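Report on the structure given below.
Each value in this text was obtained by applying a stated rule to the coordinates, not by laboratory testing. Keep in mind it's a predicted model, so treat the numbers as computed, not measured. Positions of Cβ are backbone-derived with ideal geometry, glycine not excepted, and every protein chain shown enters the neighbour counts.
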Amino acid sequence: MFKLKLLFTLLILLSIASSTYSKTATEKSIFVVGSTSAGQLFDSLEQSFYNKTGYKLIVRAIGSNKGVIAVAEGVSDVGIISRFLTPAEQNRFPQLAQITIAQDAIVFITNEKNKQKSLRRQDIIKMYTSNDPIWPATGNKALLLSKNLGHGTLDSFIDFFGLDSVLSPDGQGLLFKPAGINFLYSKNKTVPNDRINQAIAYTSREPNALAFESMGAFTRFMANKQDIRSKLLNFEGIPVLKDGKLNLDYPVKRPLNILINHQKSAGVDALIAYLQSDEAKEIIEQHNFIAVN
């Protein structure tokens, strides 16, 4: 079922891409598909890149897994993923190369009224694998959110915390367990989300909600919003931000990679060179990502 949905999505993307290219026949365009965590970053890079190269970026942020398939199947010129390719993906798509452009943090979001200030690694594992998750500081029942299947943020989360996830039998949420073949899945179904605005809306409304999200996506969403009642939790006592920027000591980080086909175009070469420029790195850091040299 998931593969059928993915194929359907890519067919829609292909029609969008064809339509977009036909409408911009006089323009040089680069079609970029992938991570929702990095989608707004590439939107911000678009004008600067166009001014320097004359190439227009057309960005579709629909998830890392779809980004892999899109570039591998030739639907897009570039993929964006908020993780590394898995060994299975590397074996399946040997024509793909991955280039790390930044690091992003996975942050933990709750309601501003929640008395919890910090979570430990073991707290998060226990909450997501428990049948009845509670907040350590208060004992209140925790309402857990999770990124949906197909998102690099979910893949990075379960890898970092040593978990497995599966779609619930009714298809309405995810279940978690410790990684391995001998553990049982929790009976507690998480609330799935695909976009940062869904996580913020839920945690602003529910005092005992917990979500994990991209710091870059959180930063851009909060920049121009008012009446938001969500806050970031420390992890192991370490704050996410230091002097207004992503704290280099914050440990829950993962890579942002672009994917390219070995038979890349001149436009893709121009994008790779641009992403290594000081101007691009400044924009990357404005999104609270850590630029990589």
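For residue 225, list the aspartates and glutamates whose Cα falls under 16 Å from its own Cα; do not include residues on the same chain fewer than 8 positions away. Of all the aspartates and glutamates, those that pass the test against residue 225 - Cα under 16 Å, at least 8 places apart if same chain - are 112.
Using the structure shown, list the pairs from 117/177; 115/189; 141/231 with a Cα-Cα distance above 22 Å, or answer none. Working shown, then result.
Details: 117/177 25 Å; 115/189 24 Å; 141/231 18 Å.
Listed pairs above 22 Å: 117/177; 115/189.
In whole percent, what relative contact order does the stretch 105-246 give with Cα contacts below 8 Å and a gap of six or more residues? Could the numbers behind the result be given before it?
On the way: 253 pairs, mean separation 55.5, N = 142.
Averaging sequence separation for qualifying contacts and normalising by length gives 39 percent for the stretch 105-246.
The label point for residue 181 and the one for residue 266, both projected 7 Å from the Cα toward the Cβ, are 5.4 nm apart. Using Stokes-Einstein with the Kirkwood hydrodynamic radius over Cα pairs, what translational diffusion coefficient do you get for the stretch 197-293 at 20 °C and a viscosity of 1.002 mPa s, in µm²/s rounded to a whole number? For the chosen part, D equals 136 µm²/s.
Dividing the Cα convex hull volume of the stretch 34-105 by residue count, how many Å³ per residue is that?
On the way: hull volume 7.0 nm³, N = 72.
Once divided by residue count, the hull of the stretch 34-105 is 98 Å³.
Based on every Cα atom in the stretch 108-161, Rg and the maximum pairwise Cα distance Dmax equal 11.7, 33 Å. Kirkwood radius, the stretch 221-270, all distinct C-alpha pairs, inverse of mean reciprocal distance: 14.8 Å.
Figure the gain on full extension for residue 286 and residue 28 (residue separation times 0.36 nm, minus the Cα-Cα span) and round it to one decimal in nm.
Details: separation 258, 0.36 × 258 = 92.88 nm, distance 2.69 nm.
Using 0.36 nm per residue and subtracting the Cα-Cα distance, I get 90.2 nm.
Only the Cβ atoms of Lys and Arg (+1) and of Asp and Glu (-1) were treated as charged; on that basis the dipole of the stretch 105-246 about its Cα centre amounts to roughly 400 debye. With no solvent and one point on each alpha carbon, what is the Debye value of log10 I(q)/I(0) for the stretch 105-246 at q = 0.10, 0.18, 0.19, 0.20 Å⁻¹? Log10 I(q)/I(0), no solvent term: -0.31, -1.04, -1.17, -1.31. Between residue 131 and residue 160, the simple label model (points 7 Å from Cα in the Cβ direction) yields a spacing of 2.9 nm. Percent of C-alpha pairs per 10 Å bin in the chain, short distances first: 6, 28, 34, 22, 9, 1, 0. Going from the residue with the fewest nearby Cβ atoms within 10 Å to the one with the most, 274, 50, 128 rank 50, 274, 128. Straight-line cross-link partners of residue 281 among the lysines, defined as a Cα under 21 Å from its Cα and at least 8 positions apart when in the same chain: 52, 56, 242, 245, 253.
Phi-derived couplings, Karplus 6.51 cos²θ - 1.76 cosθ + 1.60 at θ = phi - 60°, listed residue by residue for the stretch 117-123: 10, 8, 10, 8, 3, 5, 4 Hz, with x used for Gly and Pro. Be a star and scan the stretch 216-236 for residues whose amide nitrogen sits under 16 Å from the point 7 Å along the Cα-to-Cβ vector of residue 242. Output list for this probe position: 234-236.
All other residues whose Cβ lies under 14 angstrom from that of residue 59 are scored, Lys and Arg at +1 and Asp and Glu at -1, for a net of +1. When the Cα positions of 128, 178, 228 are compared along the charge dipole of the stretch 105-246, 228 comes out farthest toward the positive end, with charges on each C-beta of Lys, Arg, Asp and Glu.
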